[in-house]
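Novice: Here's a structure for you.
The values are calculated or read from the model by the stated rules, or taken from the named source; none is laboratory data. Owing to the predicted nature of the structure, the values given are computational and were not obtained by experimental measurement. No Cβ is skipped: glycine too gets one built from the backbone with ideal geometry, and neighbour counts run over all protein chains shown. The area values use the complete protein model at the heavy-atom level, side chains included, leaving out ligands, DNA and RNA. Shrake-Rupley method; radii C 1.70, N 1.55, O 1.52, S 1.80 Å.
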Amino acid sequence: MSKDQFKQLFADKAAQAFKATFPEAYAATGEKEVFDARFILEHLEKPKDPSMGRFAFPVFRYAKLLSAKPPDIAAGVVEETNRLLGDDADCTAAAVSGFINVSVDPSELASLTLGNVLSRESHYGDSDFGQNRKYLIEYCSANIAKPYGVGHLRSTIIGNSLRRVYKKLGFEVIGINYLGDWGTQFGKMIVAYRMWGEKVNLEKDAVKQLLELYVRFHDEAKKDPTLDEEARQAFKQLEDGESEAVQLWERLKTISLAELDRIHNMLGVEFDIITGESSVNDKMEPLVERLQKAGLTEISRGALVVPLDDPNLPPCMLKKGDGATLYATRDLAGLVYRWQTYHFYESLYVVGTAQSDYFKQIFKVVSMLEEAENVPETDRMTGRAKHIDFGWVLFEGETMAMRTGKVIFLEDVIDRAVALAREKILEKNPSLDAIDATAHKIGVGAVIFSQFSVRRHKAVNFDWDEVLSFEGETGPYLQYTHARLCSLLRHYGQDITSKIDAALLDNVEERRVVELLADFPEIIEDAARTYDPHVIAAYLLRLAAALNKFYQRKDEKGRIDKIISDNQALSAVRMALVKSVQTVLCEGLYLLGMEAPEEM
RNA sequence: GCCCCCGUAGCUCAGUUGGAUAGAGCAUCGGUUUCCUAAACCGAGGGCCGCAGGUUCGAUUCCUGCCGGGGGUACCA
């Protein structure tokens with residue numbers, strides 16, 4: 001997938017060099033593929049220290065095959081590779097113990113990279129890999145009639161970012177908010193509303209009041225278990241279409257949708273489709289019949305289930321003893337429907353790790369169904385639907401649960417972050433024009449970025465101090481760096497051109513920034529491959545740190561080496577670098593779902 | 001009991017499909033601003049990479065076991 005021309009060039013030459021340097025061993029070996037350019041290209045790695053080279057290839061694995069010591073192999077291959085590359089090549093190899101380190105001519109890399117970024121602008125890093133392929137991404141998936149807790153933030157933020165990442169790689173992406181608007185929980189809400197709902201004022205803070213009803217229901221149900229039974233009956237009434245229950249449901253749904261919309265506008269989160277579990281109501285029965293016809297179902301303890309041929313998974317339940325459907329029934333119906341409708345390349349479910357067994361069940365049922373029906377290989381969706389799981393958000397070491405009312409509302413988090421950002425602006429830059437709008441971008445940015453500071457799988461402890469921190473490895477740090485560059489560009493006032501003398505970028509700070517800029521396209525592919533925007537977040541921190549280092553570098557006399565100086569040619573090339581970093585920071589922040597203010 | 005995730009500096013975490021001296025931020029201490037935005041930069045201290053085996057030329061990374069934390073384990077979602 002990598003299009004790095006230097007890597008490709010080196011891999012080709014090194015492959016030839018191996019064969020030329022060790023002809024007998026190559027002829028004798030049964031493992032010819034490890035001498036192919038393709039193999040070498042795939043096994044290139046990044047040296048620990050950038051000063052050792054742009055990329056490296058370890059040759060230890062050849063020691064046994066060639067009956068030679070790694071340093072000798074490296075030295076021999078390096079000599080031949082450099083000969084093949086020729087004197088005026090832009091990259092040169094060097095043998096360091098068992099490694100072949102390859103350096104790329106810095107000014108060549110600089111003029112190529114800056115030329116690329118300046119000409120493609122926000123499209124730098126775009127790819128056509130995804131052409132004619134579709135991605136479905138389901139995220140947020142909040143439950144109707146419950147407030148937006150920080151627990152849903154992770155799914156929403158990760159999904160929103162992945163949507164942008166896959167679009168950048170050329171896929172057609174459909175972001176779906178598949179709301180929890182069906183199920184026994186609605187039975188609970190209906191019962192609670194019938195009993196205590198007359199006091200609820202739905203005009204104001206409706207969702208928080210609904211939460212109180214929900215919590216109260218759970219409290220009372222502990223004392224009086226018949227309430228749970230009543231809730232199940234109420235849900236059955238809803239599924240049977242009884243008008244009183246349906247009306248109540250519609251009302252709760254309208255309130256909740258407006259609330260969700262409001263929060264997502266605050267966050268800048270986008271969806272292509274907003275739907276819900278209730279939308280698959282008419283698709284469940286055909287699916288159940290299909291599974292029955294395939295001979296996969298059985299009645300167990302009064303319920304309709306699909307036994308799975310995996311000893312570690314319980315059967316997948318399709319219908320409860322009372323005939324009502326479950327989450328799995330709806331998800332399966334939805335998945336099959338989506339496959340038929342979109343023939344997606346992949347379909348991602350951005351849902352917490354707590355449901356990983358559940359998704360294994362769902363995907364298992366699908367593969368068993370396709371197997372039983374002998375679906376042609378090319379028409380199978382098995383392996384294309386994936387659970388993108390993430391660690392749970394804990395608060396003070398405990399899980400947050402709506403049921404117990406132990407919840408932090410997302411809106412409160414955003415409000416506090418924005419207020420703090422506003423304070424900070426008043427303190428640092430009170431003459432700023434759009435203080436409120438900027439404070440919003442920064443506060444929201446801090447909240448969003450906090451979700452990317454940790455790898456997906458790790459459970460995160462919600463920490464007010466951490467989310468409200470604007471220093472160090474934070475969203476506002478990236479935004480600040482971006483704003484600083486914008487300020488420089490305004491100050492410079494001249495056109496940025498790629499007609500520059502890249503050789504003037506001759507100090508390590510500048511070269512490091514160039515190298516990082518050149519890495520951006522690969523970083524996006526990494527994020528896509530691992531389904532984790534954290535990769536981009538970590539990269540942007542490296543880029544911003546390198547930039548700030550360059551920005552504040554000192555000359556031999558200990559004075560700040562200014563970017564804009566009397567030296568016109570030097571200023572021009574440095575400003576081309578500045579413009580390139582600003583472009584990549586802006587685009588990177590966009591991919592994370594954040595805004596990049598020009599002043600702050 | 002069984003299954004999944006996690007265990008790295010005082011704290012929060014990085015560490016690319018195994019690779020060259022294990023890195024950041026926060027916190028602590030000490031520096032940098034006649035100001036191209038100090039929300040920044042520089043420096044210092046701080047590590048049996050949970051424990052024990054195994055595979056390998058090489059293991060923080062892969063495998064097995066154990067310990068510790070979290071989650072899941074059919075009529076919730």
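Novice: If amide hydrogens are placed 1.01 Å from N in the peptide plane, which non-local residues have theirs closer than 5 Å to the one on A:LEU179?
Specialist: Amide H to amide H, under 5 Å and 5 or more residues apart or across chains, A:LEU179 pairs with A:THR275, A:GLY276, A:GLU277.
Novice: Leaving ligands and nucleic acids out of the surface, order A:GLU298, A:GLU556, A:GLU515 by accessible area at 1.4 Å, largest first.
Specialist: Listed by decreasing accessible area, they come as A:GLU556, A:GLU298, A:GLU515.
Novice: Based on alpha-carbon centroids, what's the gap between the stretch A:494-568 and the stretch A:1-74 in Å, whole number please?
Specialist: One Cα centre to the other: 29 Å.
Novice: Give the residue from A:THR530, A:GLN552, A:LEU541 lying farthest towards the positive end of the charge dipole for the stretch A:502-600; charges sit on Cβ (+1 for Lys and Arg, -1 for Asp and Glu) and the dipole is referred to the Cα centre.
Specialist: Most positive-ward Cα: A:GLN552.
Novice: Can I ask one more? Which residues in the stretch A:60-74 have a backbone N closer than 17 Å to a point placed 7 Å from the Cα of A:ARG83 along the Cα-to-Cβ line?
Specialist: Under cut-off, by backbone N: A:72-74.
Novice: What accessible surface, in Å², does a 1.4 Å probe find on A:ASP219, ignoring ligands, DNA and RNA and rounding to the nearest 10?
Specialist: Counting only protein heavy atoms, A:ASP219 exposes about 80 Å² to solvent.
Novice: Modelled label-to-label distance, A:PHE39 and A:SER127, 7 Å Cα→beta-carbon offset: nm?
Specialist: Here the modelled spin labels are 2.4 nm apart.
Novice: Working from Cα positions, state the angle (0 to 90°, nearest 10) between the long axis of helix A:534-551 and the longest principal axis of chain A.
Specialist: Between helix and principal axis, roughly 40 degrees.
Novice: Shifting gears a bit: Need the C-alpha centroid separation for the stretch A:77-145 versus the stretch A:378-393, integer Å.
Specialist: Each part's Cα centre sits 28 Å from the other's.
Novice: Would you mind getting me the FRET efficiency between A:LEU313 and A:SER565? Use the beta-carbon distance for r and R0 = 60 Å, nearest 0.05.
Specialist: For R0 = 60 Å, the calculated efficiency reads 0.35.
Novice: Let me know the Rg and Dmax you get for chain A when you use only its Cα atoms, in Å.
Specialist: Over chain A's Cα set, Rg and Dmax evaluate to 28.9, 90 Å.
Novice: Compute the signed sum of charges (Lys and Arg +1, Asp and Glu -1) over the other residues within less than 10 Å, Cβ to Cβ, of A:GLY175. Intermediate values should be presented prior to the final figure.
Specialist: Working: positive: A:ARG163, A:ARG164, A:LYS167; negative: A:GLU138, A:GLU270, A:ASP272.
Neighbourhood net charge equals 0.
Novice: For the stretch A:1-154, what log10 I(q)/I(0) values come out of the Debye formula at q = 0.10, 0.13, 0.19 1/Å, with one point per alpha carbon and no solvent?
Specialist: Summing over Cα pairs of the stretch A:1-154 leads to -0.51, -0.71, -1.13.
Novice: Magnitude of the Cβ-charge dipole of chain A, K/R +1 and D/E -1, about the Cα centre, nearest 20 debye? Mind dumping the intermediate values first?
Specialist: Details: 73 positive and 92 negative charges, 98 e Å.
Dipole about the Cα centre, nearest 20: 480 debye.
Novice: Need the list of aspartates and glutamates near A:LYS458 for cross-linking: C-alpha distance under 19 angstrom, and skip anything on the same chain fewer than eight residues off.
Specialist: A:ASP357, A:ASP389, A:GLU396, A:GLU398, A:GLU466, A:GLU473, A:ASP526, A:ASP532
Novice: Which cross-chain or sequence-distant (5 or more) residues have an amide H under 5 Å from the amide H of A:LEU394, H modelled 1.01 Å from N in plane?
Specialist: Those qualifying (amide H under 5 Å, at least 5 residues apart or on another chain) are A:VAL460, A:ASN461, A:PHE462.
Novice: So, one more: For the stretch A:526-573, with only Lys/Arg (+1) and Asp/Glu (-1) charged at the beta-carbon, what is the dipole magnitude about the Cα centre, in debye rounded to 20?
Specialist: 160
Novice: Would you tell me the accessible area of A:ASP331, worked out with a 1.4 angstrom probe on the heavy atoms of the protein chains, in Å² to the nearest 10?
Specialist: For A:ASP331, the solvent-accessible surface is approximately 10 Å².
Novice: Ok, one more. May I ask for the angle, rounded to the nearest 10°, between helix A:356-372 and the longest principal axis of chain A, with both axes built from Cα atoms and the value confined to 0 to 90°?
Specialist: 90
Novice: Then there's this: If you take the square roots of the eigenvalues of the alpha-carbon gyration tensor of the stretch A:412-491 and sort them as a ≥ b ≥ c, do you get rounded (a/c under 1.5), prolate (a/b over b/c) or oblate? List each step's numbers first, then the result.
Specialist: Values: a/c = 2.75, a/b = 1.57, b/c = 1.75.
It comes out oblate by the Cα gyration axes.
Novice: Using a 1.4 angstrom probe, figure out how much accessible area the stretch A:83-210 has per residue, in square angstrom, rounded to the nearest whole.
Specialist: 36
Novice: Still on this model: Run down the aspartates and glutamates and flag those whose C-alpha is under 13 Å from the C-alpha of A:LYS549, throwing out any fewer than 8 positions away in its chain.
Specialist: Hits, sequence-local ones excluded: A:GLU509, A:GLU510, A:ASP561.
Novice: Here's another thing I want to ask about it. For the stretch A:269-361, what percent of Cα pairs sit more than 24 Å apart? Let's see the in-between values first.
Specialist: On the way: 1019 of 4278 pairs.
Looking at the stretch A:269-361, the distances longer than 24 Å represent 24 percent of pairs.
Novice: Another question about this same structure. In nanometres, what is the gap between the two model label sites at A:ASP415 and A:ASP72, each 7 Å from Cα along Cα-to-Cβ?
Specialist: 7.5
Novice: If you keep only loop residues by DSSP, which trypsin sites (Lys or Arg not before Pro) in the stretch A:244-344 have at most 11 other Cβ atoms within 10 Å of their Cβ?
Specialist: Those satisfying the criteria are A:ARG301.
Novice: Taking Cα atoms, how many degrees apart are the long axis of helix A:475-492 and the longest axis of chain A, rounded to 10 and kept between 0 and 90?
Specialist: Roughly 50 degrees between the two axes.
Novice: Summing -39500 (n - 2.57) over the DSSP H runs of n ≥ 4 in chain A and dividing by its residue number, what mean residue ellipticity at 222 nm do you reach, to the nearest 500 deg cm²/dmol?
Specialist: Mean residue ellipticity, 222 nm, calculated: -17500 deg cm²/dmol.
Novice: For A:LYS499 and A:GLU471, FRET efficiency with R0 = 30 Å and r from the beta-carbon atoms, rounded to 0.05?
Specialist: The calculated FRET efficiency here is 0.20.
Novice: What number, in percent, do you get for the relative contact order of chain A if the mean sequence gap of Cα pairs under 8 Å and at least 6 apart is divided by its residue count?
Specialist: 15 percent.
Novice: Under 8 Å for C-alpha pairs, at least 6 residues apart: give me the relative contact order for the stretch A:81-141, rounded to a whole percent.
Specialist: 16
Novice: For A:SER97 and A:LYS424 in one chain, what is 0.36 nm times their gap in residues minus the Cα-Cα distance, to one decimal in nm?
Specialist: 112.6 nm
Novice: Same structure again: Which residues' amide hydrogens lie under 5 Å from the amide hydrogen of A:ALA385, considering only partners 5 or more residues apart or on another chain, with H built in the peptide plane?
Specialist: Here A:SER347 satisfy the definition.
Novice: Please give the contour-minus-distance gain from A:LYS360 to A:GLN340: 0.36 nm per residue of separation, less the Cα-Cα distance, rounded to one decimal in nm.
Specialist: My answer for the length gained is 5.1 nm.
Novice: Structure shown: which of A:LYS188/A:LYS283; A:LYS13/A:LYS579; A:LYS167/A:LYS441 lie over 30 Å apart, alpha-carbon to alpha-carbon?
Specialist: From A:LYS188/A:LYS283; A:LYS13/A:LYS579; A:LYS167/A:LYS441, over 30 Å: A:LYS13/A:LYS579.
Novice: Sort A:LYS236, A:LYS557 by heavy-atom solvent-accessible area, probe 1.4 angstrom, most to least.
Specialist: A:LYS557, A:LYS236
Novice: Pairs of Cα atoms under 8 Å, at least six residues apart: use those to get the relative contact order of the stretch A:37-167, whole percent.
Specialist: Normalised by residue count, the contact order of the stretch A:37-167 is 17 percent.
Novice: Straight distance only, please: which aspartates and glutamates reach the Cα of A:LYS32 with their own Cα at less than 14 Å, same-chain residues fewer than 8 apart left out?
Specialist: Output for A:LYS32: A:GLU24.
Novice: Work out the FRET efficiency for A:LYS557 and A:LEU432 from their Cβ-Cβ distance, taking R0 = 30 Å, and round it to the nearest 0.05. Mind showing how you got there, number by number?
Specialist: Details: r = 34 Å, r/R0 = 1.15.
Calculated transfer efficiency: 0.30.
Novice: Once the whole set of protein chains is in place, how much accessible area is left on A:ASP228, using a 1.4 Å probe, in Å² to the nearest 10?
Specialist: 50
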